[in-house]
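For reference, the structure is listed below as structure tokens.
The values are calculated or read from the model by the stated rules, or taken from the named source; none is laboratory data. Predicted model only: the values in this text are computed from it and were never measured. With ideal geometry, Cβ positions are generated from the backbone for all residues, glycine too; neighbour counts draw on all protein chains shown. Protein only, heavy atoms only, side chains kept; ligands, DNA and RNA dropped before computing areas. Shrake-Rupley method; radii C 1.70, N 1.55, O 1.52, S 1.80 Å.
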Amino acid sequence: MIRLESVNKRYGHVHAVKDLSLEIQKGEVFGFIGPNGAGKTTTIRMLGGLLIPTSGKIFIDGKDMAKEPEKAKKIIGFIPDRPFLYDKITGMEFLRFMGDMYGVDDKIFPDKANGLLKMFSLNEWGNELIASYSHGMKQRIIMCSALLHDPQLIVVDEPMVGLDPRGIRLVKDLIRELAAKGTTVFLSTHTLEVAQDLCHRIGIINRGALIALGNTSDLKKAALVEEGELEAVFLRLTQEQPEAA
Amino acid sequence: MNPVLTLLRPRLLAARRAAFSRQDPTASWRFALFGLLGLGFWLGIFALFYRVLTYFQSIGEEGFGDILALKLLSMVFPTFFALLLFSGVVTSLSKLYLSRDLHLVHALPVSPQSIFTARWIESTIDSSWMVAIYALPVFFSYGMVYSQGPVFYLNILAALLPFCVIASALSAIAVMVVVLVLPANRFRSILIFLGIGIFLVAYVALRLVRPERLVDPDASLSLVRYMASLQTPSSPFLPSTWAFDSMKEALAGNLGNMLFHNALAISAALSLAYIAVWISRTAYYRGVSKSQTAKTRTPGPLNLNHWRTRPFGFWKGPTRALFVREVKTFFRDSTQWSQVFLMGALIAIYLYNFKVLPIEQAPIRADYLQNTLAFLNMGLAAFVMTALAARFVYPAVSLEKDAFWIIKAAPVSIRTVLLVKFFIYLPPLLLLSEFLIIATNRLLSVTPFMMALSVSTIFMVVPGIIALGIGLGAAYPDFQSENPAQSVTSFGGLLFMILSAAFIGAVIIIQAGPVYRIVRAGLSTRVLSSLEIWWFVISFAIVVILCVAAVILPLRFGIRRLSRISS
């Protein structure tokens, strides 16, 4: 479903993502973890078509993001870490907007939108301006909009930020359910427990480079950690090495 | 360190970085462009006042010129004071209650009055610097005409400084009191309406006074006499009176009286600053808290809730999505739709100008003058469209603000987005410009040829202006701005104005020669030569090519640049 071939991203002198190659299968839940500033959000934004890589290629379901961006984006549901939205429209109007953008049929839209609003406990807020929504509510309306067109791939940056415990449980169950139905999920998170619970495979990125890849046991082996949780693996692999003299 | 200084530090550091940064290569160009424009405006004010004051001096009667000059000065100060007050209210409302960083600042372990003091200092500088700088040429012209020494020029500073502080303190106090009753967001909306209302009344009133009569020497002299008899507010309790008296005494060389009036102003400024800080102890934080809990939840009277599927149901996909969102956002944002009133006033005055044109009194043939005016009117109408496009079309991309990620992540090309925006603004502006052209041509009773030429030229030029606005707005977007409508004062906005003016100028110049020949031939019932016909055909063809290029090139430029910009 996702193929990254030697993807690099530079911001001036900063090499944010270094030679990243990765392949993620259909129905897989892939977790991307790493310290702050490691390159997670940059990678996610390149996958979502928000950023153009400096070099390398990104394929979504075989479609080259550089050559066929609209076709590639059509099968993605993108959820950013910060919920910036249009303040002057209502939640329902935003869903209508996104439905039109992604080509959701007018006939199925009302039921679909109402169902999603209900699922994310926003049904009483659908006709209110987004300006009045809390951070968590904005995050939830974005999730509704990302699921509206039944995407084959969900790209989500920090899915649990701003959500209450009920929301976190809902999202976890939803991701499992979607994966069981064949939807691919690429998520970046700082919550290692979420990655451990949900992801079939995890990639650890540090200073722009993918330093480890595999399921939890693979990562434990790579980090020479026998006992403990993913946290120990993460800390071992991402610990700062002294500069070579 | 003093908490007020600490709170001001980020602003100082940002200003220093902006002044000395070499990271942005376009910064020096921008600085030069803005500097030149500013300097031109400054010199224009100076030249105007210098000319007026020397004219007053030339009026024969003994001492009458001095009376007029002082009368003018006494009018200048209340005007500046009103400007400073309005600017102070808008700036302090924004700085004290609506800034994005208020959450961070109010979470700091510093007292509300420290925050208020730091913000008020910023607000005073922001709201006063422009008025103060553009007041200088007025006073310099007095200094030059009355051959004043250094004391007069130093007194400009001594009089202006407390004058600005008084206005800013009064504005901040007023804002703090009003925000206790009215949430800051609503207060801002009211201010916008108030500002537009005052502008409209002043604009229409000024036009109806018919200032063109000043050209008539008899009318001019009677107006000057009328001005001399005008009463300006001169209460001894008004800060504008203290500043005026100080400048008047400085002009007369009475240093003692000058210092007395300055002392009055300085003591009032210090007292008001103290009172403002004192009030902030109890009122400021309460107002901030109230403003945060007063967000609008429902769309309001202009909700347009049923717009989506009824009149625009025939559209599908991204076109409908972008169109409906754009229209709804426009009509729900009072800072946007209230500008329509300005447009209405502009059109009314534009048509009125043509109605009162004294064509019959002109020394040249009326039919010749009518057609010449109609030809120049094409350019004028296009400039009016440029001004409207600068306000509405150029910021269209920047209005996406932080939510631009939605467009970038959606399965829609930047080309489609820009084309939809282009076609949203094209019909209203095209209709408006054609209405202006047809109405003014009818008022001028022009020939059918001139009517056809004007209508077709405007039909080709307006899409070019809109494409320039959309294209350059996309090439130089400002997604971080709290008020993108003001982005026209940015580098890209100025570039848009310059290129649009050059485009309109080029069209008018290319058409001028052959059109002149045709109109002359028509009026003298002479048959056109084949050379003249070919000249017209070729120049019209060049205009068509230019207009097509003005649509395609800016849009392509905008698409290319915006595609590379990350959200």
Subset of the stretch B:92-107 [at pLDDT 85 or above, surrounded by fewer than 23 Cβ atoms within 10 Å (Cβ to Cβ) and of a type in the set (S, T, N, Q)]: B:Ser94
The listed residue being outside any helix (DSSP H, G or I) and touching a helix residue (DSSP H, G or I) at 6+ places or on another chain (Cβ under 9 Å), out of A:Ile168, A:Ile175, A:Ile154: A:Ile154
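Take the stretch A:61-78 and flag every residue that is touching a residue at least 60 places away in the same chain (Cβ under 8 Å) and assigned to a loop (DSSP other than H, G, I, E, B).
Kept after step one, since they are touching a residue at least 60 places away in the same chain (Cβ under 8 Å), are these residues of the stretch A:61-78: A:61, A:74-78.
Within the stretch A:61-78, A:Asp61, A:Ile75 meet the criteria.
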Selection status of A:Thr90, surrounded by 18 or more Cβ atoms within 10 Å (Cβ to Cβ), of a type in the set (S, T, N, Q) and under 18 Å from the mean Cα position of the chain (by Cα): no
Odd one out for A:Phe32, checked against (1) crowded, with 22+ Cβ neighbours inside 10 Å; (2) out of contact with any Ser or Thr (no Cβ under 6 Å at 6 or more places or on another chain): (2)
Evaluation of B:Ser338 against (1) over 20 Å from B:Thr457 (Cα atoms); (2) crowded, with 18+ Cβ neighbours inside 10 Å; (3) of a type in the set (Ser, Thr, Tyr) (one fails), failing number: (2)
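What number of residues within the stretch A:150-168 are away from every other protein chain (no Cβ under 13 Å) and modelled with pLDDT of 90 or more? Talk me through it step by step, then tell me what you get.
Within the stretch A:150-168, the subset away from every other protein chain (no Cβ under 13 Å) is A:150, A:158-168.
Checking which are modelled with pLDDT of 90 or more leaves us with A:150.
Adding up the residues that qualify gives 1.
Identify the residue in the stretch B:515-559 that is basic (Lys, Arg) and at pLDDT below 95 and, among all such residues, is nearest to A:Pro69 (Cα to Cα).
In the first step, residues of the stretch B:515-559 are kept if they are basic (Lys, Arg); the result is B:517, B:520, B:526, B:556.
Right, trim to at pLDDT below 95 and you get B:517, B:520, B:526.
Details: B:Arg517: 54, B:Arg520: 57, B:Arg526: 62 Å.
Top of the filtered list is B:Arg517.
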Conditions (1) surrounded by fewer than 16 Cβ atoms within 10 Å (Cβ to Cβ); (2) in the same structural domain as B:Ile509 (by TED's automatic domain parsing); (3) in contact (Cβ under 8 Å) with a residue 60 or more places away in the chain; number of the one not met by B:Pro428: (3)
Sole exception among (1) more than 14 Å from chain A (Cβ to nearest Cβ); (2) surrounded by 20 or more Cβ atoms within 10 Å (Cβ to Cβ); (3) not hydrophobic (A, V, I, L, M, F, W, C) for B:Thr372, by number: (2)
Number of the exception - A:Asp218 against (1) open to solvent by 40 Å² or more (accessible area, probe 1.4 Å); (2) assigned to a loop (DSSP other than H, G, I, E, B); (3) free of Cβ contacts under 8 Å to residues at least 24 places away in the same chain: (2)
Qualifying residue in the stretch B:341-353 (condition: outside any helix (DSSP H, G or I), more than 11 Å from every other protein chain (Cβ to nearest Cβ) and over 22 Å from B:Leu426 (Cβ atoms)): no
Residue match in the stretch A:64-76 (condition: within 11 Å of another protein chain (Cβ to nearest Cβ), out of contact with any strand residue (DSSP E or B) (no Cβ under 7 Å at 6 or more places or on another chain) and farther than 18 Å from B:Ser566 by Cβ): yes
A:Asp81, sole failed condition from (1) at pLDDT 90 or above; (2) part of a loop (DSSP other than H, G, I, E, B); (3) open to solvent by 20 Å² or more (accessible area, probe 1.4 Å): (1)
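Is one or more of the residues making up the stretch A:4-20 in contact with a Leu (Cβ under 7 Å, 6 or more places away or on another chain), within 14 Å of chain B (Cβ to nearest Cβ) and assigned to a strand (DSSP E or B)? Steps first, please.
Applying the first criterion (in contact with a Leu (Cβ under 7 Å, 6 or more places away or on another chain)) to the stretch A:4-20 yields A:4, A:7, A:9, A:20.
When the remaining residues are screened for being within 14 Å of chain B (Cβ to nearest Cβ), the result is A:9.
Going one step further and asking which of them are assigned to a strand (DSSP E or B), we end up with A:9.
Yes, the stretch A:4-20 contains a residue that is in contact with a Leu (Cβ under 7 Å, 6 or more places away or on another chain), within 14 Å of chain B (Cβ to nearest Cβ) and assigned to a strand (DSSP E or B).
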Selection within the stretch A:11-51 - closer than 22 Å to B:Ala409 by Cβ and basic (Lys, Arg): A:Lys26, A:Lys40, A:Arg45
Lone qualifier among A:Leu170, A:Leu163, A:Leu178, A:Leu187 - being assigned by TED's automatic domain parsing to the domain that holds A:Met1, in contact (Cβ under 8 Å) with a residue 24 or more places away in the chain, under 17 Å from the mean Cα position of the chain (by Cα) and surrounded by fewer than 18 Cβ atoms within 10 Å (Cβ to Cβ): A:Leu170
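If we keep just the residues of the stretch A:97-149 that are among the small types (Gly, Ala, Ser) and in a loop (DSSP other than H, G, I, E, B), which is farthest from the other protein chains (Cβ to nearest Cβ)? So that I can check it myself, show each step before the final result.
At the first step, the residues of the stretch A:97-149 found to be among the small types (Gly, Ala, Ser) are A:99, A:103, A:113, A:115, A:121, A:126, A:131-132, A:134, A:136, A:145-146.
Next, only the ones that are in a loop (DSSP other than H, G, I, E, B) stay: A:103, A:121, A:126, A:134.
Values: A:Gly103: 6, A:Ser121: 17, A:Gly126: 12, A:Ser134: 10 Å.
It comes out as A:Ser121.
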Complete set of residues in the stretch B:295-334 that are more than 7 Å from chain A (Cβ to nearest Cβ), surrounded by 15 or more Cβ atoms within 10 Å (Cβ to Cβ) and modelled with pLDDT under 75: B:Asn303, B:Leu304, B:Trp307, B:Trp315, B:Ser334
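Residue-by-condition table, conditions (1) at pLDDT below 95; (2) open to solvent by less than 10 Å² (accessible area, probe 1.4 Å); (3) within 14 Å of chain A (Cβ to nearest Cβ):
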position: B:Leu380; (1), (2), (3): yes, no, no
position: B:Val384; (1), (2), (3): yes, no, no
position: B:Phe392; (1), (2), (3): yes, no, no
position: B:Ala403; (1), (2), (3): yes, yes, yes
position: B:Ala409; (1), (2), (3): yes, yes, yes
position: B:Leu432; (1), (2), (3): yes, no, no
position: B:Ile437; (1), (2), (3): yes, yes, no
position: B:Ile465; (1), (2), (3): no, yes, no
Of the criteria (1) touching a Leu at 6+ places or on another chain (Cβ under 8 Å); (2) without any contact (Cβ under 8 Å) to a residue 24 or more places away in the chain; (3) among the small types (Gly, Ala, Ser), which one B:Gly149 fails: (1)
Long-range neighbours under 9 Å by Cβ, at least six apart or interchain, first residue within 22 Å of A:Gly77 (Cβ to Cβ) and within 14 Å of another protein chain (Cβ to nearest Cβ) within the stretch A:37-58, second open to solvent by less than 10 Å² (accessible area, probe 1.4 Å) and acidic (Asp, Glu): A:Thr41/A:Asp157; A:Ile44/A:Asp157; A:Arg45/A:Asp157; A:Gly48/A:Asp157
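From the list B:Gly63, B:Gly44, B:Gly38, B:Gly88, which one is closer than 23 Å to B:Ser127 by Cβ and surrounded by fewer than 13 Cβ atoms within 10 Å (Cβ to Cβ)?
Values: B:Gly63 fails: closer than 23 Å to B:Ser127 by Cβ; B:Gly38 fails: surrounded by fewer than 13 Cβ atoms within 10 Å (Cβ to Cβ); B:Gly88 fails: surrounded by fewer than 13 Cβ atoms within 10 Å (Cβ to Cβ).
After ruling out the rest, the residue left standing is B:Gly44.
Quick check on my filter: what residues within the stretch B:511-562 are assigned to a helix (DSSP H, G or I), of a type in the set (Ser, Thr, Tyr) and open to solvent by 40 Å² or more (accessible area, probe 1.4 Å)? Break it down into steps so the answer makes sense when it comes.
If we filter the stretch B:511-562 for residues that are assigned to a helix (DSSP H, G or I), which is where we start, we get B:511-523, B:530-562.
Filter once more, keeping what is of a type in the set (Ser, Thr, Tyr): B:516, B:530, B:539.
Hits for the stretch B:511-562 are B:Tyr516, B:Ser530.
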Residues (open to solvent by 10 Å² or more (accessible area, probe 1.4 Å) and modelled with pLDDT of 90 or more) located in the stretch A:11-21: A:His15, A:Ala16, A:Lys18, A:Asp19, A:Ser21
Selection status of B:Ile121, over 30 Å from B:Ala252 (Cβ atoms), hydrophobic (A, V, I, L, M, F, W, C) and either at pLDDT 90 or above or touching a Gly at 6+ places or on another chain (Cβ under 9 Å) (or both): yes
Those residues of the stretch B:411-424 which are surrounded by fewer than 23 Cβ atoms within 10 Å (Cβ to Cβ) and within 26 Å of the chain's Cα centre (by Cα), in sequence order: B:Phe422, B:Phe423, B:Ile424
